[in-house]
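Notes for the one structure printed next.
The values are calculated or read from the model by the stated rules, or taken from the named source; none is laboratory data. What you see is a predicted model; the values in this text were computed from it and never measured. Because the Cβ atoms are built from the backbone with ideal geometry, glycine has one as well, and the counts that use them run over all protein chains shown. Each accessible area value is taken on the protein alone, full model and side chains, heavy atoms only, with ligands, DNA and RNA left out. Shrake-Rupley method; radii C 1.70, N 1.55, O 1.52, S 1.80 Å.
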Amino acid sequence: MATVGTTYTLIRTLLGTSADDPQFTDTILLPIVQSAYDSLLTDLAAQNPDYLSTAVTLTADSASSHTYTFASQASPITNFARWISVRETDDTGAPLAEARRDELRSFGSGYFQLRGPDDAPILVTSPDTTAGIALYFEYAYWPVALAASGDSLTGLPARFHDVVAFEALFAYGLGGEQRRPPELSARWVDRRAQLLSSVGRRGIQPSQSRLVTGDF
């Protein structure tokens, strides 16, 4: 499993510099690596929403409440990226559909709305949905933010950790003094496409379009 420190070394190799270069210290490279990592994770989630996903049971703020505060759960949810499925009680329960805030009162039972930023979201069900009921909640998550050179890039397949370094080569443009060599640009495009393809289709079955008709 590659670490942030390994990625620093590869970036400096691709840039043709070394660890004693004051323009590419660990402190400078860490936010660059994080930005590159986040960019790839965002596109991977679009390719395959189930790739980094988990399921929990949400508990309402009270027995009479329609509000589910993620930060107040028994195990606070602080890594939310996007919802995948919301159901009453458990994974076999009736599904809930997302609605805008102004639609919740008029749409009847079986609807919800998410409010707030990813770091501290709140889920609110429609007034006609049973209050206080447990919700089965599947969601895509963000891996833990990178903080030190020993941290691992756990959100990516180990065989594609070099893509983070290629993604980070926008660092060539820092100060507006250098251009990324075309050979590195071509390699970045190829490896990025391979990563997205690998995560987006993890078997031999052809992709299919689905029409949602009410149950999901």
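The residue list 76, 63, 99 was ranked by how far each Cα lies along the charge dipole of the chain toward its positive end, using unit charges on Cβ atoms, and 99 comes out on top. Helix content alone sets the calculated 222 nm mean residue ellipticity of the chain: runs of n ≥ 4 DSSP H residues at -39500 (n - 2.57) each, divided across all residues, give -9000 deg cm²/dmol. A probe of 1.4 angstrom, applied to the heavy atoms of all protein chains, finds residue 90 with accessible area near 60 square angstrom.
Could you look at the range 79-175 and say what percent of its accessible area is carbon and sulfur, using a 1.4 Å probe and all protein chains?
Numbers: 2260 of 4590 Å².
That share works out to 49 percent.
Can you compute the FRET efficiency between residue 20 and residue 189 using 1/(1 + (r/R0)^6), with r the Cβ-Cβ distance and R0 = 30 Å? Round to the nearest 0.05.
0.45
About the Cα centre, and with charges only on the beta carbon of Lys, Arg (+1) and Asp, Glu (-1), how big is the dipole of the chain? Nearest 20 debye, please.
Using Cβ point charges on Lys, Arg, Asp and Glu, the chain gives about 480 debye.
For the chain, the solvent-accessible area of protein heavy atoms averages 55 Å² per residue (probe radius 1.4 Å; ligands and nucleic acids excluded).
Ranking 154, 30, 182 by how far each Cα lies toward the positive end of the dipole of the chain (charges on Cβ) leaves 182 at the top. Could you give the angle, 0 to 90 degrees to the nearest 10, between helix 182-200's Cα long axis and the longest principal axis of the Cα atoms of the chain? Helix 182-200 sits roughly 30 degrees off the main axis of the chain. Note on log10 I(q)/I(0) by the Debye sum over Cα atoms at q = 0.08, 0.12, 0.13 Å⁻¹: of the candidates (1) -0.38, -0.86, -1.00; (2) -0.40, -0.76, -0.84; (3) -0.55, -0.78, -0.84, the value calculated from this structure sits at (2).
Label positions at residue 75 and residue 128, each projected 7 Å from the Cα along the C-beta direction, are separated by 3.5 nm.
Report, to two decimal places, the Cα Rg of the range 1-48 normalised by 2.2 N^0.38 Å (N = number of residues).
Values: Rg = 12.3 Å, N = 48, 2.2 N^0.38 = 9.6 Å.
Computed over Cα atoms of the range 1-48, the ratio equals 1.29.
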